[in-house]
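First up is the structure itself, then whatever we jot down about it.
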Amino acid sequence: MIRLHRASTATTIAAAAAVMLVLGASPAAADPAEPSNYESTVVSVDPLPSGVSFEVVGGDSFLVATAEPGHEVLVLGYFSEPYLRIDADGSVWLNENSRAFYINIDRYANAEVPDWVDDEGPPRWKQVDDSGAYPWHDHRVHWMSPDPPPTIDGSTREVVFPWELPVIVDGRESVIRGELVWVPSLSPIGPLLAGIIALLPLVAWRRWRTPLAGALTGGGALLAIVVTVIQSSGTPAAARGFPIWIVFPAVALATTIAALIAWRTDRATLANRLNVTSGVVLVAWAVATLEVLWLPVLPSAASPDAERVAVAFVLWAGIGAAAFSAVTLLRPARR
């Protein structure tokens, strides 16, 4: 009984540690590209420069400027001040004497601007990269509120607003023009029905249900890790940070391995308790990611449909394994 108590306590501590890690995520990791109803695209660059490109990535999250070696780019801020500079050698610089330097850190501009900042003063350049490319939250290309635009009814694909911003490429002025589009939400029923296949292993012969429940949570944890990494790829590397939600499936996978070891050593009660923990942790991860089931714009490298089914699979895997293992634990007490 002491061993069982220690194991149960250890798994609870591990799950609590995962929650603390997520809640304590750094600001860099807490502002990634996320699923949404918005899609912002570059429509034109006039005049079109050679060796330089601009694109919006992550749905509408980041505007990315890329310059080939030998080309120079200067992006102007919200008050026509120098904001971003890419030199011919690929070095990337931001102007600390621009308000854009601070408010572009957060998608909704929730950042404090120092009192000494003067957009009309001389630039204070700070090197931030040397790759010839840089992503930033440009508030001219996305909607600046978590609430939907009042002009959008939400049922059809609509243009929220056209946008433009000035740049200077190799000493020549250009204007980037684009548009922000609202995309209607989807029904989550299809992915949820497809993901319910996760419960099939639990119809197996009773003797093998405990290890199958463990195998189910293990497979769900591995799938959740893959999905988390793919979702993280929707944020450019320079702004990505650590994908903190990967902690949840990592804890579930470790707990599942311990459950399978316990079952192999004839400690079925411990195995089922660990399976309950793994299942609950997977459900927590799936609930945190659940909006991908209905939000249409998913900033990741995977097929949107495949990602939605994968999240639904992990949700059902966690629910099924946790519920079956909990019922198995309760049955001896009823007898």
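The values are calculated or read from the model by the stated rules, or taken from the named source; none is laboratory data. Worth saying up front: this structure is predicted, and the values here are computed from it rather than measured. Glycine gets a Cβ as well: all are built from the backbone with ideal geometry, and neighbour counts include every protein chain shown. These area figures cover heavy atoms from the full protein model, side chains too; ligands, DNA and RNA do not enter into them. Shrake-Rupley method; radii C 1.70, N 1.55, O 1.52, S 1.80 Å.
Computed values, structure above
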{"read-out": "Solvent-accessible area, 1.4 Å probe, carbon plus sulfur percent, for the chain", "value": "62"}
{"read-out": "Rg and Dmax [Cα atoms of the stretch 57-136; Å; Rg one decimal, Dmax integer]", "value": "12.6, 36"}
{"read-out": "With DNA, RNA and ligands ignored, accessible area of Glu291 (1.4 Å probe; Å², nearest 10)", "value": "70"}
{"read-out": "Where only C-alpha atoms are counted, convex hull volume of the stretch 296-335 per residue in Å³", "value": "62"}
{"read-out": "Accessible solvent surface per residue of the stretch 45-165, calculated while the other protein chains remain in place, 1.4 angstrom probe, Å²", "value": "50"}
{"read-out": "Degrees, to the nearest 10: 209-232 long Cα axis against longest axis of the chain", "value": "0"}
{"read-out": "Residue-averaged [θ]222 nm for the chain, counting only DSSP H segments that reach four residues, each worth -39500 (n - 2.57)", "value": "-13500 deg cm²/dmol"}
{"read-out": "From the C-alpha gyration tensor of the stretch 234-335, square roots of 5λ in Å", "value": "32, 16, 9"}
{"read-out": "Size-normalised alpha-carbon gyration radius of the stretch 172-281, reference 2.2 N^0.38 Å", "value": "1.55"}
{"read-out": "Whole-number Å³ per residue for the convex hull built on Cα positions in the stretch 118-195", "value": "214"}
{"read-out": "5 angstrom amide H check on Val128, placed H, neighbours 5+ away", "value": "Val92, Trp93, Leu94"}
{"read-out": "With DNA, RNA and ligands ignored, accessible area of Glu68 (1.4 Å probe; Å², nearest 10)", "value": "110"}
{"read-out": "Binned Cα-Cα distances of the stretch 70-210, short to long, each 5 Å bin given as a whole percent", "value": "2, 8, 12, 15, 13, 10, 8, 7, 6, 6, 5, 4, 3, 2, 0, 0"}
{"read-out": "Residue-normalised accessible area of the stretch 166-252, given per residue in Å² at a 1.4 Å probe", "value": "48"}
{"read-out": "Trypsin sites (Lys or Arg not before Pro) within the stretch 119-223, DSSP loop, no more than 12 other Cβ atoms inside 10 Å", "value": "Arg157"}
{"read-out": "Summed side-chain charge close to Val227 - residues other than Val227 whose Cβ falls under 11 Å, Lys, Arg +1, Asp, Glu -1", "value": "0"}
{"read-out": "Heavy-atom accessible area order for Phe161, Phe62, largest first, 1.4 Å probe", "value": "Phe161, Phe62"}
{"read-out": "Solvent-accessible area of Asp46 with every protein chain in place, 1.4 Å probe, in Å² to the nearest 10", "value": "90"}
{"read-out": "Among (i) 48, 22, 16; (ii) 28, 23, 20; (iii) 32, 21, 19, the entry derived from the coordinates for semi-axes √(5λ) of the Cα gyration tensor in Å", "value": "(i)"}
{"read-out": "C-alpha long axis of helix 268-289 to longest principal axis of the chain, angle in °", "value": "20"}
{"read-out": "Degrees between helix 2-23 axis and first principal axis of the chain (Cα, 0 to 90, nearest 10)", "value": "10"}
{"read-out": "Relative contact order (%) - criterion: Cα under 8 Å, at least six apart; region: the chain", "value": "21"}
{"read-out": "Residue of Val52, Val203, Val167 that the Gaussian network model of the chain assigns the largest fluctuation, springs spanning Cα pairs under 10 Å", "value": "Val203"}
{"read-out": "Net charge of neighbours whose Cβ lies under 11 Å from the Cβ of Pro299, counting Lys and Arg as +1 and Asp and Glu as -1", "value": "-4"}
{"read-out": "Using θ = phi - 60° and Karplus 6.51 cos²θ - 1.76 cosθ + 1.60, couplings along the stretch 187-201 (whole Hz; Gly, Pro as x)", "value": "7, x, 5, x, x, 5, 5, 5, x, 5, 4, 4, 7, 4, x"}
